[in-house]
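Written below as structure tokens is the structure these notes are about.
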Amino acid sequence: MKKQDSRISLVRWQKEIAPGIFCIEIENPKIAKLAQPGQFVHVKTVSGWEVFWRRPFSIHSISEDGKAIQLIYRRIGKGTMCLSRLHDGDPLDVLGPLGQPFDLKGPFSGAFIVAGGLGIAPVRFLVERLLTLNKKILLVWGVKTEKEFFELDVLSSLDISLYLATEDGSEGFHGRVTDWVEKHLKDFHWDGFQGFGCGPMLMLKNLQSIVKDVHFPWQVSLEERMACGLGVCQGCGIRIREKGFQMVCTEGPVFNLLEVEFHGGSFGSN
Ligand SMILES: Cc1cc2nc3c(=O)[nH]c(=O)nc-3n(C[C@H](O)[C@H](O)[C@H](O)COP(=O)(O)OP(=O)(O)OC[C@H]3O[C@@H](n4cnc5c(N)ncnc54)[C@H](O)[C@@H]3O)c2cc1C
Ligand code: FES
């Protein structure tokens with residue numbers, strides 16, 4: 001079976017689910033069938049040259065009929081602005097599924113998932129898959145302020161332990177999600193657990209320094225700027241201990257947290 005499919009998909013619907021944050025459902029049965037948690041799609045947000053490069057988005061969920069994928073995105077620049085203008089039934093050029101998914105094959109019995117901001121995007125798909133594998137799940141999700149939370153009804157209805165954190169203290173724990181981890185890491189028994197992290201680079205860097213002495217594996221999904229998305233342009237490289245330069249688009253976006261050598265730079269795009 002073909003592993004990737006680039007073709008015109010259809011926007012089924014999209015809605016603003018929090019200020020500046022959108023959920024879009026895109027019909028593409030092949031991508032929906034092949035997708036695994038942690039993978040992403042590369043989207044040509046507008047036809048023509050106005051936005052040249054495709055934009056990467058994590059697969060958030062698969063529709064109930066199994067024929068469409070859902071993405072969650074924040075409108076922050078030209079590409080996501082164009083995406084937010086699409087209407088039901090509009091065509092959209094989507095390439096995927098791309099990248100390496102989370103490795104869920106190990107003998108672990110529980111998952112400790114740490115999500116920062118829109119890092120929650122790939123988490124729902126991950127949680128749903130882990131539940132089908134009968135894993136215990138503890139999820140902590142942190143945002144700046146409670147208005148940035150969405151789909152709390154969905155997450156609360158799942159058989160998971162859910163903790164919330166806000167930087168301004170408007171909901172849940174008062175502080176960053178990594179502060180929550182630092183404070184509560186010793187409160188739980190982690191035998192048989194694996195860690196999963198999704199969020200901005202700085203958050204993952206902090207997470208690395210907090211959990212480096214915890215003796216269970218951590219997988220994280222990295223968000224590096226991308227151009228081709230196919231391992232060709234070498235634009236999304238990151239240093240991984242022992243392995244050297246790796247492309248986030250093909251060897252990632254999921255990596256072993258303790259092996260990532262975090263840096264500050266990224267390149268511009270159009
Ligand atoms: C594997 C992967 C999965 C992703 N999944 C999601 C997702 O599910 N939802 C989502 O909203 N976003 C996700 N992103 C980030 C998303 O691709 C960017 O937000 C998007 O490309 C911005 O496009 P734009 O044209 O609107 O903004 P641009 O005009 O390209 O950029 C606007 C501003 O945002 C900054 N920016 C853009 N992309 C990034 C980035 N990757 N990291 C840090 N800063 C950035 C730019 O430096 C600039 O300041 C993901 C990125 C990767 C690599
Ligand atoms: S984006 Fe071109 S190599 Fe990764």
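The values are calculated or read from the model by the stated rules, or taken from the named source; none is laboratory data. Quantities reported herein were computed from a predicted structural model and do not represent experimental measurements. Positions of Cβ are generated from backbone atoms using ideal geometry, with glycine treated the same way; all protein chains shown enter the neighbour counts. Calculation scope for accessible area: heavy atoms of the full protein, side chains included, ligands and nucleic acids excluded. Shrake-Rupley method; radii C 1.70, N 1.55, O 1.52, S 1.80 Å.
The figures follow:
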| quantity | calculated |
| --- | --- |
| The stretch 194-244, residues that are open to solvent by less than 30 Å² (accessible area, probe 1.4 Å) and among the charged types (D, E, K, R) | 224 |
| Pick from the stretch 52-91, criterion part of a loop (DSSP other than H, G, I, E, B) and among the charged types (D, E, K, R), ranking: surrounded by the fewest Cβ atoms within 10 Å (Cβ to Cβ) | 64 |
| Identity of the residue in the stretch 152-176, part of a helix (DSSP H, G or I) and within 20 Å of the chain's Cα centre (by Cα), that ends up surrounded by the fewest Cβ atoms within 10 Å (Cβ to Cβ) | 153 |
| Those residues of the stretch 126-149 which are touching a residue at least 12 places away in the same chain (Cβ under 8 Å) and in a loop (DSSP other than H, G, I, E, B), in sequence order | 133, 135, 144, 145, 149 |
| Residue 161 polar (S, T, N, Q) and modelled with pLDDT under 95 | no |
